[in-house]
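Here is the structure we will look at.
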Amino acid sequence: MSPLGKERAVLVSAEPPTSEQKTRFTAFLKKKYLNDFELIWQQKESIQNGFILYVRSEIYDWSTEGRLRQVTDRMNELVLMDKPLIPLIRETLSHWQTAIIPLEIGEVESVGDGIAFIAGLNQVAYGEILVFQNGVRGMVQELQPDHIGCILFGDDEEILEGSMVYRTGKVAGMPVGDAYLGRVVDALGAPIDRRGPIHSEEIRPIENPAPGIISRAPVSRPLQTGILAIDSMFPIGRGQRELIIGDRQTGKTAIAIDTILNQKGKDVICIYAAIGQKNSSTAQLVEQLRVRGAMEYTIVVNASAGEPAPLQFIAPYAACALGEYFMNKGRDVLIIYDDLSKHAIAYRSISLLLERSPGREAYPGDVFYLHSRLLERSAQLSKAMGGGSMTALPIVETLAGDVSAYIPTNIISITDGQIFLESDLFAAGQRPAINVGLSVSRVGGAAQYKGIKKASGTIRLDLAQYREMEVFNQFASDLDETTKQQLLYGQGLMQMLKQGRMKPWEAEEQMILLLVMLHKVASVLQPEELKTWIPAMIGDIKEKLPEVVSGIAQRKDYTEEEMASIIDRASQFLEEWKAREN
């Protein structure tokens, strides 16, 4: 502040301003900042054809270098979209505006562990992208009266205390487009599969409001996983959010991958967000999808365990932005977050480094909002909004089967149901190891093919009764014949629900299997015999009753006559099979 009570503004140029120019500058400053300013001139020979005006923490850069920076920033945006060079230059020039743009700058106070604290950016917004002096970008995540906290999207080794930081006035964005199908990218949208650059259509903000109630439609269309235990008892609808939860090494990712494989030919775009996974595991997964032709409709967004916590933090939001691009075009999208436990851990690390107050299990107070604002973006849009959908399958890891831990309970309360995988079932050889009692789909039969809904019948009740009676199995010699038959029937149902990796059942095959098993056609067979009898029986029915199977596959339903034909043929095949085996 000057002795006269005026604020000071510094004008830097090669030549001193004339009296008329001084008058125009002071009038501009008074109109802009509602205060009187004392204009101080400083000479700098290197500034050609322009000036730089320093006001408070803002810079009005109208030098040749400053104007070139504006052009460069615009061209960098277009390069990110992989636009051809000549149209790119034309578009840049067509958008050129000869206006003075204030460039607010700050100063790095401290930096380390992917976090920088900055002073001087008084007008910065939460979530805004900042550019550091060495070109590294970051995103504002903490606003304090005397400083801001910024997470870094690059190496912090070259960022020094006292170096300058520039505002961009833009939020973090993700390049999107049809060309991303079949590609593996990082959390910033850059390709990491060594297959060249990706042509993007636009840049979407990674943080976007969820669709409102008016924009949504009821979840009514099924999204088949190809896994009998899920499609028959816990159906998933397009636009639903179904949690996959369980201890490590219980088959959570296997369910997600099998679901992706089952979308082949069903016009569903799949996005797999790998958060905190090993690069070798992700590479193996991508190869499995490529060998089976699933990468044609799949995008993999990878933020591995070796990446900084900020990149792991934004990875699911970037994947969701990709999904929203296709959903808003009327397409159906399946997005898998593997897994949100590691995502929460990355956010906890960031929050502690930003000096936020820790809460339960050291997580910050807004950890619930962290996942709710992500999962709420999955929806079934109304016809007026294009009718697209985005179905979310978040994965959460538990410790010793504890579903009452902080993060699991948070996400259970956000989602529309959960598929709980049990370690004991997995160890006993049940694949997938789904606990029928703790799993649920809150959409239920509203998103299930009519035929599967009818054929499922009382399977859940039968399995619940079997689990209750199973404790008496050790006293089998003292049980009556009826109880022994019920136990044998329950064991047969458990065998029916066993399914190998990457071997999805089609909807008509599921209906045939449910009809045959729930009508107890194979009640005389031992569970170990069912392992070979079931696929042979389905193959026989598809061969002997092709018209019936074709009708069921087309209508996703069956008539009483078709049901009788299937049961009769299965009974005949059972007799033939037993005779052949004997």
If only one of GLY539, GLY490 is in a helix (DSSP H, G or I), free of Cβ contacts under 8 Å to residues at least 40 places away in the same chain and crowded, with 20+ Cβ neighbours inside 10 Å, which one is it?
-> GLY490
How many residues does the range 356-399 hold that are part of a loop (DSSP other than H, G, I, E, B) and closer than 26 Å to LYS329 by Cβ?
-> 8
Which listed residue is of a type in the set (Gly, Ala, Ser), buried (at least 16 other Cβ atoms within 10 Å of the Cβ) and without any contact (Cβ under 8 Å) to a residue 24 or more places away in the chain, from GLY182, GLY154 | GLY154
Given the structure, is LEU497 surrounded by 14 or more Cβ atoms within 10 Å (Cβ to Cβ) and under 22 Å from ILE434 (Cβ atoms)?
-> yes
Would you point out the residue of the range 109-153, among those that are assigned to a strand (DSSP E or B) and of a type in the set (Phe, Trp, Tyr), that is farthest from ILE350 (Cα to Cα)?
-> PHE132
Return the only residue of TYR337, TYR272, TYR325 being under 28 Å from ALA428 (Cα atoms), assigned by TED's automatic domain parsing to the domain that holds PHE420 and buried (at least 21 other Cβ atoms within 10 Å of the Cβ).
-> TYR337
Selection over the range 421-456 where residues are farther than 22 Å from LEU514 by Cα and of a type in the set (Phe, Trp, Tyr) yields a count of 1
Residue count, the range 207-250 (criterion: part of a strand (DSSP E or B) and surrounded by fewer than 21 Cβ atoms within 10 Å (Cβ to Cβ)) | 1
Among the residues of the range 563-582 satisfying the criterion of being aliphatic (A, V, I, L, M) and without any contact (Cβ under 8 Å) to a residue 40 or more places away in the chain, which is surrounded by the most Cβ atoms within 10 Å (Cβ to Cβ)?
-> ALA564
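Per-residue answers, yes or no, for (1) modelled with pLDDT of 95 or more; (2) in contact with a Pro (Cβ under 8 Å, 6 or more places away or on another chain); (3) under 23 Å from ASP267 (Cα atoms):
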| site | (1), (2), (3) |
| --- | --- |
| MET327 | yes, no, yes |
| ARG348 | yes, yes, no |
| SER357 | no, yes, no |
| SER372 | yes, no, no |
| THR391 | yes, no, yes |
| GLU397 | yes, no, no |
| GLY401 | no, no, no |
Counting only residues that are under 16 Å from GLU575 (Cβ atoms) and part of a helix (DSSP H, G or I), which one in the range 497-529 is nearest to the chain's Cα centre (by Cα)?
-> VAL516
List the strands (runs of 3 or more DSSP E) that sit entirely inside the range 160-206 and contain at least 1 residues that are over 16 Å from the mean Cα position of the chain (by Cα) and at pLDDT below 95.
-> 164-171, 202-205
Only one of ASP424, ASP402 that is outside any helix (DSSP H, G or I), among the acidic types (Asp, Glu) and over 30 Å from THR559 (Cα atoms) = ASP402
Touching a residue at least 40 places away in the same chain (Cβ under 8 Å) and within 21 Å of ALA318 (Cβ to Cβ), is that true of GLY149?
-> yes
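The values are calculated or read from the model by the stated rules, or taken from the named source; none is laboratory data. A quick note: this is a predicted structure, and the numbers were derived from the prediction, not measured. Note that each Cβ is placed from the backbone with ideal geometry, even for glycine, and that neighbours are counted across all protein chains shown.
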